[in-house]
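To start, the structure under review is shown below, and the notes come after it.
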Amino acid sequence: MNEDIFNMEVRKFLKRLGVTAQREIEQAVRDALESGMLGANTPISVTAHVTSPRINLSIRVTGDIDLE
């Protein structure tokens, strides 16, 4: 295994994940604010799952996002 290539590929995947997740979270929050489902100062809880059955990987990352 080439460590440099592997590291670069992992970083590319994580960047793609981060950009996509940020875009989707921002849109969902905007929609929830517009519909009144969410208050402007209400923090939201989020969970991300990353899995790869081939290497027996299953991780979960949780956190809160403050809106103000």
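Just so you know, all these numbers are worked out from the coordinates, no wet-lab data involved. The structure displayed is predicted, hence computed values, not measured ones. So basically every Cβ, Gly included, is an ideal-geometry build from the backbone, and we count neighbours across all protein chains shown.
With θ taken as phi - 60° and the Karplus curve 6.51 cos²θ - 1.76 cosθ + 1.60 applied, the whole-hertz 3J(HN,Hα) list for segment 21-26 is 4, 4, 4, 5, 5, 4 Hz, x standing for glycine and proline. Placing +1 on the Cβ of every Lys and Arg and -1 on the Cβ of every Asp and Glu, with nothing else charged, gives segment 3-65 a dipole about its Cα centre of roughly 180 debye.
Put +1 on the Cβ of each Lys and Arg and -1 on the Cβ of each Asp and Glu in the chain; which of Met8, Ile59, Ala32 then has its Cα farthest toward the positive end of the dipole? Result: Met8, furthest along the dipole toward the positive end. Size descriptors for the chain (Cα atoms only): Rg and Dmax, in that order, 16.0, 51 Å.
Along segment 52-65 the Karplus relation, 6.51 cos²θ - 1.76 cosθ + 1.60 evaluated at θ = phi - 60°, assigns HN-Hα couplings of 8, x, 4, 10, 6, 10, 8, 10, 9, 10, 10, x, 10, 10 Hz to successive residues, with x for each Gly and Pro. Per-residue Karplus couplings for segment 29-37, computed as 6.51 cos²θ - 1.76 cosθ + 1.60 with θ equal to phi - 60°, are listed in order as 5, 4, 4, 5, 5, 5, 7, x, 6 Hz, Gly and Pro entered as x.
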